[in-house]
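**Q** Dropping a structure here in structure tokens format, bear with me for questions.
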2 protein chains.
Amino acid sequence: MKTYLDCYPCFMEQALRTSRVATNDKKKIKKILDETGAMIKNMPMENTPAESGMLVYNKIKEITGVTDPYFNIKQQHIKEAKTLLPEMEAIIENAEDPLLTAIRIAIAGNVIDLGINKPFNLLEDIKKILTQEFALFDYESFKKDLTAAKNILYIGDNAGESVFDTLLIRQLKKPVIYAVRSQPVINDVTIKEAIDSGLDKVSEIIDSGCKAPGVVLSHATNKFLQVFNNADLIISKGQGNYEGLSDENNTIYFLLKAKCSVIASDLNVKEGDIIFKKA
Amino acid sequence: MKTYLDCYPCFMEQALRTSRVATNDKKKIKKILDETGAMIKNMPMENTPAESGMLVYNKIKEITGVTDPYFNIKQQHIKEAKTLLPEMEAIIENAEDPLLTAIRIAIAGNVIDLGINKPFNLLEDIKKILTQEFALFDYESFKKDLTAAKNILYIGDNAGESVFDTLLIRQLKKPVIYAVRSQPVINDVTIKEAIDSGLDKVSEIIDSGCKAPGVVLSHATNKFLQVFNNADLIISKGQGNYEGLSDENNTIYFLLKAKCSVIASDLNVKEGDIIFKKA
């Protein structure tokens with residue numbers, strides 16, 4: 001997906017929001033805004049928003065010296081998600097279609113997104129999403145691809161949401177490789193949060209090589225690209241990964257909640273819609 | 001009032017919104033965003049938001065060649081306000097306190113603000129504001145100052161709102177000078193729209209010299225400064241003029257609806273509150 005004009009004011013908003021998490025020093029924050037503004041001309045519309053977003057988050061690290069401003073918040077979200085885990089397990093166990101219910105819970109976790117300026121209440125959002133109709137729903141095709149699949153790549157998105165990814169991975173009943181960001185960016189899952197979420201017990205965790213808040217194939221490691229190209233089935237969580245992979249031809253299923261008007265418009269759905277879409 | 005950190009992403013949003021009114025050419029819009037971003041470092045927090053906003057609107061003119069993107073919209077708002085005029089006159093005539101009711105209607109007109117990303121419905125908003133409680137209300141002091149005043153300066157804000165300013169000016173029952181922007185900026189009132197609104201029939205219209213979406217005293221003409229300093233009473237409409245004059249010691253009454261979080265926070269009120277405040 002390319003960058004839309006509406007993404008540029010959003011980059012400035014993200015710069016401000018994350019700067020405030022990283023520092024209280026208003027002069028530093030103004031400097032981050034100055035330099036983010038000056039970088040807009042280096043963010044072509046042909047790039048994905050995640051690629052340009054990375055420049056913003058790198059600038060925040062550079063100016064504040066804080067490499068992981070959301071560290072504590074990520075830990076808190078993982079803890080919160082873990083307390084809900086037994087309840088979610090019971091819901092899946094008692095469901096008519098446990099796979100589909102696990103997919104719904106994995107999407108519900110996608111509300112934990114600090115790149116977006118929307119408040120969320122995890123338990124309430126899950127309850128809503130458990131019965132919400134999908135705007136795009138390639139489930140029948142997914143079940144066929146899953147039956148045939150030998151190698152599955154699951155690309156994680158946010159920390160906290162990652163806890164619920166374990167539930168879906170269990171329902172896949174196949175070997176899964178779980179890919180994470182190679183360094184902290186917003187509240188996205190890295191190796192540390194993946195292990196804290198229990199993903200090492202249900203999958204092989206790999207570092208994608210990506211430092212952007214979404215997969216950028218040109219930044220990926222050879223290992224990731226090999227896994228990506230060999231996978232019979234890829235599950236891509238969240239907006240950032242959709243941005244990077246929406247134009248690829250692999251067997252990718254995008255699992256996300258459309259949380260901003262730009263993504264909603266690109267998918268031709270409404271803001272707030274839930275999506276399970278084959279690429 | 002100084003510029004707050006939250007104003008900077010808003011400048012980018014304003015740049016995008018107004019660019020889209022001025023042109024359909026996405027390359028030009030991207031160029032405006034690039035150059036607006038690059039100007040952020042030239043927008044110190046010590047300046048008023050209106051001063052920095054001016055740079056954005058000038059850039060849009062420079063790149064698109066469109067000097068008055070809101071020309072038609074301003075005309076439409078003036079027309080719409082004029083159709084409501086007889087109804088508003090009747091409300092004032094039958095009111096227990098016609099002066100206060102005219103003040104309320106003049107504030108209600110302040111919802112017609114295209115620098116803010118909020119939809120409005122003029123008639124509905126007026127009805128609401130006619131009974132809404134003021135968050136800041138220096139009316140008793142205003143009546144005393146009005147009784148003593150010989151020269152009144154009334155600083156206009158948006159076109160359309162300007163039609164309702166005629167009603168308040170009539171209730172003041174004193175000679176009034178009405179100041180307008182010296183060139184088109186957003187949907188602010190210039191001499192053309194002031195005359196179209198009927199202000200020439202109730203006041204002497206002067207050009208403030210200001211090209212920003214709010215009075216900036218350092219840009220003002222000598223004539224305006226003379227009127228400003230000699231006025232016994234000044235009525236300042238809207239957010240942009242508040243930004244430029246909130247630190248002055250003249251007898252200024254700010255009449256506005258707080259339409260953004262930054263202004264609301266500066267005034268220590270809530271977004272959506274209506275204000276009638278002595279400087």
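**Q** For the stretch A:146-153, indicate whether the set of residues that are closer than 17 Å to A:LEU168 by Cβ, assigned to a helix (DSSP H, G or I) and modelled with pLDDT under 95 is non-empty.
**A** Of the stretch A:146-153, the ones closer than 17 Å to A:LEU168 by Cβ are A:146-147, A:149, A:151-153.
Adding the requirement that they be assigned to a helix (DSSP H, G or I) leaves A:146-147.
If we keep only those that are modelled with pLDDT under 95 as well, we get none.
Looking through the stretch A:146-153, none of the residues is closer than 17 Å to A:LEU168 by Cβ, assigned to a helix (DSSP H, G or I) and modelled with pLDDT under 95.
**Q** Of the residues in the stretch A:160-200, how many are more than 24 Å from A:LEU123 (Cβ to Cβ) and more than 16 Å from the chain's Cα centre (by Cα)? Explain how you work it out, then say what you get.
**A** Let us first name the residues in the stretch A:160-200 that are more than 24 Å from A:LEU123 (Cβ to Cβ), namely A:172-185, A:190-192, A:195, A:200.
The next check asks that each one be more than 16 Å from the chain's Cα centre (by Cα); those that pass are A:172-176, A:195, A:200.
Residues that pass the stated criteria total 7.
**Q** Go through the stretch B:111-132 and give me each residue that's touching a residue at least 60 places away in the same chain (Cβ under 8 Å), assigned to a loop (DSSP other than H, G, I, E, B) and farther than 24 Å from B:ALA50 by Cα. Even if it seems obvious, please write down each step before you answer.
**A** Taking the stretch B:111-132 first, the residues touching a residue at least 60 places away in the same chain (Cβ under 8 Å) are B:111-118, B:129, B:132.
The next check asks that each one be assigned to a loop (DSSP other than H, G, I, E, B); those that pass are B:112-118, B:132.
Residue satisfying the conditions is B:GLN132 alone.
**Q** Still on this structure, please answer the following. Tell me, which residue of the stretch B:1-31 that is among the hydrophobic types (A, V, I, L, M, F, W, C) and more than 7 Å from chain A (Cβ to nearest Cβ) is nearest to A:LYS27 (Cα to Cα)?
**A** Going through the stretch B:1-31, the residues among the hydrophobic types (A, V, I, L, M, F, W, C) turn out to be B:1, B:5, B:7, B:10-12, B:15-16, B:21-22, B:29.
The next check asks that each one be more than 7 Å from chain A (Cβ to nearest Cβ); those that pass are B:1, B:7, B:10-11, B:15, B:21-22.
Numbers: B:MET1: 18, B:CYS7: 15, B:CYS10: 18, B:PHE11: 18, B:ALA15: 24, B:VAL21: 34, B:ALA22: 34 Å.
Filtering first and then ranking leaves B:CYS7.
**Q** Would you confirm whether or not the stretch B:76-83 contains a residue that is outside the structural domain of B:ILE29 (by TED's automatic domain parsing), buried (at least 19 other Cβ atoms within 10 Å of the Cβ) and of a type outside the set (Gly, Ala, Ser)?
**A** Yes, because at least one residue in the stretch B:76-83 is outside the structural domain of B:ILE29 (by TED's automatic domain parsing), buried (at least 19 other Cβ atoms within 10 Å of the Cβ) and of a type outside the set (Gly, Ala, Ser).
**Q** Residue by residue through the stretch A:46-67, note down the ones that are assigned to a loop (DSSP other than H, G, I, E, B), surrounded by fewer than 16 Cβ atoms within 10 Å (Cβ to Cβ) and of a type outside the set (Val, Ile, Thr).
**A** As a first pass, look at the stretch A:46-67 and keep what is assigned to a loop (DSSP other than H, G, I, E, B): A:46-48, A:65-67.
Applying the additional criterion that residues be surrounded by fewer than 16 Cβ atoms within 10 Å (Cβ to Cβ) yields A:46, A:65, A:67.
Hits for the stretch A:46-67 are A:GLU46, A:GLY65.
**Q** When you look at B:ASP266, is it within 23 Å of B:GLU80 (Cα to Cα) and outside any loop (DSSP other than H, G, I, E, B), yes or no? Reasoning before the result, please.
**A** Numbers: within 23 Å of B:GLU80 (Cα to Cα): no; outside any loop (DSSP other than H, G, I, E, B): yes.
No, not satisfied.
**Q** Which of the residues belonging to the stretch B:95-134 are of a type outside the set (Ser, Thr, Tyr) and closer than 21 Å to B:LYS174 by Cα?
**A** If we filter the stretch B:95-134 for residues that are of a type outside the set (Ser, Thr, Tyr), which is where we start, we get B:95-100, B:102-130, B:132-134.
Within the stretch B:95-134, B:ALA95, B:GLU96, B:ASP97, B:PRO98, B:LEU99, B:LEU100, B:ALA102, B:ILE103, B:ARG104, B:ILE105, B:ALA106, B:ILE107 qualify.
**Q** Looking at (1) buried (at least 23 other Cβ atoms within 10 Å of the Cβ); (2) within 20 Å of A:GLY115 (Cβ to Cβ); (3) in contact with a Phe, Trp or Tyr (Cβ under 6 Å, 6 or more places away or on another chain), find the lone condition where A:GLY209 falls short.
**A** Here A:GLY209 clears every test but (1).
**Q** Inspect the stretch B:168-184 for any residue being in a helix (DSSP H, G or I) and modelled with pLDDT under 95 and give the result as yes or no.
**A** No, that holds for no residue.
**Q** Here is a list: B:ALA108, B:ALA95, B:ALA90, B:ALA102. Which entry is away from chain A (no Cβ under 11 Å), surrounded by fewer than 17 Cβ atoms within 10 Å (Cβ to Cβ) and outside any loop (DSSP other than H, G, I, E, B)? Talk me through it step by step, then tell me what you get.
**A** Working: B:ALA108 fails: surrounded by fewer than 17 Cβ atoms within 10 Å (Cβ to Cβ); B:ALA95 fails: outside any loop (DSSP other than H, G, I, E, B); B:ALA102 fails: surrounded by fewer than 17 Cβ atoms within 10 Å (Cβ to Cβ).
The conditions single out B:ALA90.
**Q** Report whether or not B:THR36 is closer than 24 Å to B:SER261 by Cβ, hydroxyl-bearing (Ser, Thr, Tyr) and free of Cβ contacts under 8 Å to residues at least 40 places away in the same chain. Full working, then the answer.
**A** On the way: closer than 24 Å to B:SER261 by Cβ: yes; hydroxyl-bearing (Ser, Thr, Tyr): yes; free of Cβ contacts under 8 Å to residues at least 40 places away in the same chain: yes.
Criteria met by B:THR36.
**Q** Yes or no: the stretch B:44-67 includes at least one residue that is at the interface with chain A (Cβ under 10 Å from one of its Cβ atoms), farther than 28 Å from B:SER141 by Cβ and over 20 Å from the mean Cα position of the chain (by Cα).
**A** Within the stretch B:44-67, the subset at the interface with chain A (Cβ under 10 Å from one of its Cβ atoms) is B:44-45.
Remaining after also requiring farther than 28 Å from B:SER141 by Cβ: B:44-45.
Then drop every residue that is not over 20 Å from the mean Cα position of the chain (by Cα), which leaves B:44-45.
Yes, there is a match, as at least one residue in the stretch B:44-67 is at the interface with chain A (Cβ under 10 Å from one of its Cβ atoms), farther than 28 Å from B:SER141 by Cβ and over 20 Å from the mean Cα position of the chain (by Cα).
**Q** Identify, by number, the condition in (1) farther than 30 Å from B:LEU168 by Cα; (2) more than 11 Å from chain A (Cβ to nearest Cβ); (3) not small (Gly, Ala, Ser) that B:LYS82 doesn't meet.
**A** The one condition B:LYS82 does not meet is (1).
The values are calculated or read from the model by the stated rules, or taken from the named source; none is laboratory data. Bear in mind the structure is a predicted one, so any value in this text is a computation, not a measurement. Backbone-built Cβ (ideal geometry, glycine too); neighbour counts: all protein chains shown.
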